[in-house]
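The values are calculated or read from the model by the stated rules, or taken from the named source; none is laboratory data. Just so it is clear, the structure is predicted and the values come from calculations on it, not from any experiment. Here Cβ is always computed from backbone atoms with ideal geometry, including for glycine, and neighbour counts include all displayed protein chains.
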Protein chains: 2
Amino acid sequence: MTLERPDRDEIDLSAVLHALSDPQRRRIVAELAASEVPRPCGSFAPAITKSTRTHHFRVLREAGLVEQWKEGTSKMSRLRRDDIDARYPGLLDSVLESTPVG
Amino acid sequence: MTLERPDRDEIDLSAVLHALSDPQRRRIVAELAASEVPRPCGSFAPAITKSTRTHHFRVLREAGLVEQWKEGTSKMSRLRRDDIDARYPGLLDSVLESTPVG
DNA sequence: TAAATGATACGACGATCATCGAACTTTGTG
DNA sequence: CACAAAGTTCGATGATCGTCGTATCATTTA
C-alpha cells in the first residue's frame, strides 16, 4: 500500500529542482541513493525534528523523488531513481555527484 | 567591466537549483543557451515586468549561472556554461533538455 | 541641454518556506 | 490494557520569494 505520489509523466521539473535545492532534502536523497535497502524515515537526518523531517519527506514524495509505504510503525522510503532518470536523464546523477552522503 | 559574481569554485549547488526551480528563470537560461550572441536583458521574458526581470537576472547572476556587463544603456548577459559544466557536470544539460525555449 | 532608452532601487503585497513544539494517532509489545 | 515507538497534524514564527508600480539613475541621441 503505497502513499499517493505523482506518476512518472507528471513529475514536474520545478518541483524536483525546488525539492533538491534544500540541503537537508538533498542529504536525504543522497543517503537514500547510497543505501541498498529501504530505511525508515527516522534513520535520516537525525539533526532535525521529527515534524521537520515529515515535512521534508512530504516535499520529496509530492515532487516524485521518493516513494513511501508504511511498514509496522515505521514509514519506509525508496528513491524513485528509475522514474527520475527516465524523465530527466542525468539530473539526479549530476546532483548526487556533488552531494556528499556524510 | 563585469558585474560581481561568484567564482567557479564558489558556485553553490543549492543556489543553482533554487535559481533553476523558477520557470521564468529557466526560460531565460534556455533562451541564453540557445542564442549565439549575448543579448540585452530586455529581450527576454517579455511577459513580466522590468523590475521582476531585474530581480530574476540578479538571482541568476548571484547563483553563478549568468555573467553580466554593461554596454551602453543595455546590460548584456551570457550563460556561464563552461563554469557550470565544470562544477556540476551534466546538470545544465539535463535541465535544458527538459526546458523548451519557446 | 533635453528627451528617450534600458535598467535599478525601493517599498509593498500576498504566498510560500523551513523550522519548531506540543498534542495526537497508529502500531506493536509487555 | 497500558506502554512505548514512529510519524502525523496543527498552529506559530521568522525568513524568503515572486511580482508589481513608481521613482530614479546612467547612457545615448536629437
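Quick notes
- Counting the residues of segment A:67-101 that are aliphatic (A, V, I, L, M) and over 12 Å from A:Arg26 (Cα atoms) gives 4.
- Taken together, B:Arg61, B:Arg53 contain a single residue that is among the basic types (Lys, Arg) and under 17 Å from B:Ile84 (Cα atoms), which is B:Arg61.
- In segment B:25-50, the residues that are modelled with pLDDT of 90 or more, of a type in the set (D, E, K, R) and away from DNA strand D (no atom under 11 Å from the Cβ): B:Glu31
- Scan of segment B:51-90 for residues that are within 7 Å of DNA strand D (Cβ to nearest atom) and touching a helix residue (DSSP H, G or I) at 6+ places or on another chain (Cβ under 9 Å), ordered by number: B:Thr52, B:His56, B:Val59
- Exactly one residue out of A:Arg80, A:Arg53 is surrounded by 21 or more Cβ atoms within 10 Å (Cβ to Cβ), charged (D, E, K, R) and at pLDDT 95 or above, and it is A:Arg80.
- Here the condition is being within 14 Å of another protein chain (Cβ to nearest Cβ), under 23 Å from A:Arg8 (Cβ atoms), away from DNA strand C (no atom under 14 Å from the Cβ) and touching a residue at least 24 places away in the same chain (Cβ under 8 Å); of A:Leu65, A:Leu60, A:Leu79, A:Leu96, it holds for A:Leu96 alone.
- Test: residue in segment B:9-24 that is at pLDDT below 90 and more than 10 Å from DNA strand D (Cβ to nearest atom): no
- Among residues of segment B:26-57 being more than 14 Å from DNA strand C (Cβ to nearest atom) and of a type in the set (D, E, K, R), the one that is farthest from the other protein chains (Cβ to nearest Cβ) is B:Glu36.
- Qualifying residues in segment B:13-48 (those that are in contact with a His (Cβ under 9 Å, 6 or more places away or on another chain) and part of a loop (DSSP other than H, G, I, E, B)) - the one farthest from B:Met76 (Cα to Cα): B:Ser21
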